[in-house]
Amino acid sequence: MYDAAYLALAHTLNGRLFSADRRLLAAAGPRAIPLPAADRRLSEPAVPYGDAHDASWPLYRGASAFLAKLRAEARKPVEGTPRR
């Protein structure tokens with residue numbers, strides 16, 4: 001997800017993309033600027049949750065209330081912006 005966001009930002013701003021990730025550099029094409037260690041893919045370590053922890057979104061009991069709160073906050077006008 002981060003790679004896609006960085007690539008989209010570089011494309012949107014017509015900028016360059018520094019990375020040590022060969023696959024991201026290939027996707028960036030002429031925007032790519034390779035950093036040392038471009039022969040390996042960088043990643044975060046996996047987080048072990050264990051079998052007892054069931055945090056899947058469909059089973060989250062507060063999902064509806066959480067989404068309703070997010071929608072209400074998104075509808076609030078931002079101070080200093082014109083209303084539509």
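Just a few scattered comments:
- For first residues located in the range 65-84 and part of a helix (DSSP H, G or I), partners that are at pLDDT below 80 and lie 6+ apart or on another chain with Cβ distances below 9 Å form the pairs F66/Y60.
- Inter-residue pairs, beta-carbon under 8 Å, first part of a helix (DSSP H, G or I) and in the range 21-32, second loosely packed, with under 15 Cβ neighbours inside 10 Å and aromatic (F, W, Y), 6+ apart: none
- Qualifying residue in the range 47-58 (condition: modelled with pLDDT under 90, touching a helix residue (DSSP H, G or I) at 6+ places or on another chain (Cβ under 9 Å) and either part of a helix (DSSP H, G or I) or over 18 Å from M1 (Cβ atoms) (or both)): yes
- Test: residue in the range 4-21 that is aromatic (F, W, Y) and at pLDDT below 70: no
The values are calculated or read from the model by the stated rules, or taken from the named source; none is laboratory data. Just so you know, these numbers come straight off a predicted model, no measurement behind them. For neighbour counting, all protein chains shown are included, and Cβ atoms are generated from backbone atoms with ideal geometry for every residue, glycine included.
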